[in-house]
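The values are calculated or read from the model by the stated rules, or taken from the named source; none is laboratory data. What you are looking at is a predicted structure, and each value in this text was computed from that prediction instead of being measured. Every residue, glycine as well, gets a Cβ built from its backbone with ideal geometry; the counts of neighbours run over all protein chains shown. Note: areas computed on protein heavy atoms with side chains; ligands, DNA, RNA excluded. Shrake-Rupley method; radii C 1.70, N 1.55, O 1.52, S 1.80 Å.
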Amino acid sequence: MGQDIKGKVAYITGAGSGIGRATALALAQEGVHVGLIARTKNKLEAVAREAESHGVKANYKVADIAHSEQVNQAITSMENNLGPADILINNAAIGAYGNFLDMDPDTWKHTLEVNVFGTYHVTRAVLPQMIKKNQGDILMISSSNGLKGTAGSTSYSASKFAIQGMTEALMQEVRKNNIRVFTLNPSLVATELAFGDQLAEKNDDKYMQPEDLAEYMVSLLKLHPRIFIKQSLQWATNPF
Ligand SMILES: NC(=O)c1ccc[n+]([C@@H]2O[C@H](COP(=O)([O-])OP(=O)(O)OC[C@H]3O[C@@H](n4cnc5c(N)ncnc54)[C@H](OP(=O)(O)O)[C@@H]3O)[C@@H](O)[C@H]2O)c1
């Protein structure tokens with residue numbers, strides 16, 4: 001009933017660790033060629049090698065998504081190496097935690113520069129490829145913090161609420177081009193972003209794991225092209 005995603009091309013931001021890494025590898029296992037973007041070369045290189053072991057092409061580019069010229073160069077290079085994107089996973093983001101008055105304005109602003117403008121730059125660079133093909137899937141990784149603010153996360157929440165607005169409007173705009181825009185809103189996932197150096201203690205069944213999100217994304221992408229899940233929330237079974 002659904003569609004086969006083997007042979008498609010996916011670009012994934014923040015692919016060096018956490019949810020982005022797990023998603024890149026899950027897609028590679030499904031036969032999807034992957035283009036990987038983040039700032040840390042050695043992590044990207046390791047994910048690319050692991051992806052290639054599944055028999056797909058993998059290409060990585062170091063870029064800070066907050067800078068449009070770096071993004072444009074990375075996307076052009078990926079298009080040349082892998083072909084135009086069928087799938088874009090807008091996953092890269094930073095966390096920033098601290099009370100409103102304690103957080104310095106530069107940190108506050110930088111969160112929005114990466115999480116909002118970064119996502120905007122990447123989407124702006126990739127969307128023309130999808131419009132040209134009259135087909136595409138964009139997955140936006142927002143957050144439960146993008147639906148409900150929590151104390152100590154004003155800049156992160158503001159950035160993720162902005163993603164909701166941008167995504168909803170974009171989704172309405174590009175439906176006519178057969179482009180599906182999915183927004184995912186995970187609660188706590190066992191990654192560095194959420195747990196920092198405590199992460200090693202969180203690799204058990206009490207916490208959602210990056211691989212759970214990756215498996216879910218693969219299932220979304222395999223849906224028949226006539227349907228998409230515009231918004232979804234992912235929660236851990238156990239309260240903590
Ligand atoms: N973990 C959670 O509890 C949770 C919950 C809800 C939503 N999310 C969302 O899930 C997504 C993935 O986060 P994660 O939890 O997997 O965290 P993570 O392991 O810290 O991954 C974030 C990725 O983004 C990259 N990145 C950060 N800033 C970047 C920049 N300026 N340019 C390019 N790449 C950049 C990082 O690599 P470099 O540092 O090498 O650039 C890293 O690969 C984020 O959008 C996050 O907001 C996470």
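Structure summary
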| read-out | value |
| --- | --- |
| Degrees between helix 18-29 axis and first principal axis of the chain (Cα, 0 to 90, nearest 10) | 20 |
| Among 228, 35, 177 - extreme Cα towards positive end, dipole of the chain, charges at beta-carbon | 177 |
| The chain - percent of accessible surface contributed by carbon and sulfur, probe 1.4 Å | 52 |
| Gain upon complete extension [residue 233, residue 64; 0.36 nm per residue less C-alpha separation] | 58.1 nm |
| Exposure rank, largest accessible area first [64, 197; 1.4 Å] | 197, 64 |
| Candidate aspartates and glutamates - alpha carbon under 20 Å from residue 202, same-chain residues fewer than 8 apart omitted | 192, 211, 212, 215 |
| Degrees, to the nearest 10: 154-174 long Cα axis against longest axis of the chain | 30 |
| Label point 7 Å beyond Cα of residue 226 along Cβ direction - residues of the stretch 1-21 with amide nitrogen under 20 Å | 1-5 |
| For the stretch 1-69 versus the stretch 161-231, the gap between their alpha-carbon centres in whole angstrom | 15 |
| Estimated distance in nm for a label pair at residue 1 and residue 49, the labels positioned 7 Å out from Cα along Cα-to-Cβ | 4.2 |
| Greater than 20 Å apart at Cα, pairs in 6/222; 6/57; 148/230; 8/160; 61/160 | 8/160; 61/160 |
| The chain, dipole about Cα centre (Lys/Arg Cβ +1, Asp/Glu Cβ -1), debye to the nearest 20 | 860 |
| Sites residue 131 and residue 219 - FRET efficiency at Förster radius 25 Å, r taken between beta-carbons, to 0.05 | 0.45 |
| Per residue accessible area of the stretch 103-175, 1.4 Å probe, in Å² | 45 |
| Relative contact order of the chain, defined on C-alpha pairs under 8 angstrom at six or more residues apart (%) | 21 |
| Point-to-point label distance, residue 80-residue 173, nm (Cα→Cβ direction, 7 Å offset) | 2.8 |
| Accessible surface of residue 121 - all protein chains present, 1.4 Å probe, nearest 10 Å² | 30 |
